[in-house]
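The values are calculated or read from the model by the stated rules, or taken from the named source; none is laboratory data. On a predicted model such as this, the values are computed, not experimentally measured, just so you know. Positions of Cβ are generated from backbone atoms using ideal geometry, with glycine treated the same way; all protein chains shown enter the neighbour counts. Areas reflect the complete protein model, heavy atoms only, side chains present, ligands, DNA and RNA absent. Shrake-Rupley method; radii C 1.70, N 1.55, O 1.52, S 1.80 Å.
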Amino acid sequence: MVAYSFKRRFETLIQSGEKRQTIRGKGKRRHARKGDQLQLYFGMRTKHCRKIIDDPVCLDSNEVILTFEKGEIVDIHVGGKSVDDLDAFAVSDGFEDISDMAQFWAENHQSGDYTGLSNPLVLVRW
């Protein structure tokens with residue numbers, strides 16, 4: 001099982017089924033693979049920790065590349081394929097639109113492009 005922690009803003013979107021994916025940086029720990037059960041938490045490693053929903057199954061995980069220009073996301077590639085509708089992708093990740101997603105990344109992550117080379121990312125869907 002692989003566990004992921006989410007910010008409060010995503011909790012109700014996960015519960016309603018509107019958010020069914022997450023983008024995470026590749027690190028030392030293994031990310032979920034197709035068929036793995038996931039544990040989705042709010043406030044993991046805090047006294048406020050709680051499970052958001054029962055353990056869903058990972059449908060797939062792929063490398064994702066976010067390309068930024070002047071603070072905006074201008075292109076997204078998932079598993080080597082370009083995403084046609086950036087707003088729809090952003091909505092499925094729990095944002096109002098692609099601008100909201102770009103603003104979240106600017107506020108919560110290091111600045112710079114997320115090209116998958118120096119900052120590899122993975123998209124996990126459930």
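Residue pairs whose Cβ atoms lie under 9 Å apart, separated by 6 or more positions or on different chains, with the first residue in segment 14-29 and under 18 Å from residue 78 (Cα atoms) and at pLDDT 90 or above and the second of a type in the set (Gly, Ala, Ser) and not in a strand (DSSP E or B), are 19/92; 19/94; 20/92; 21/92; 21/94; 22/94. Close contacts from segment 51-74, counting a first residue that is within 22 Å of residue 106 (Cα to Cα) and a second that is open to solvent by less than 40 Å² (accessible area, probe 1.4 Å) and part of a loop (DSSP other than H, G, I, E, B), with Cβ to Cβ under 6 Å and a gap of 6+ residues or different chains, come to 63/116; 65/116. The set of residues in segment 59-86 being out of contact with any Phe, Trp or Tyr (no Cβ under 7 Å at 6 or more places or on another chain), surrounded by 12 or more Cβ atoms within 10 Å (Cβ to Cβ) and not in a strand (DSSP E or B) consists of 86 alone.
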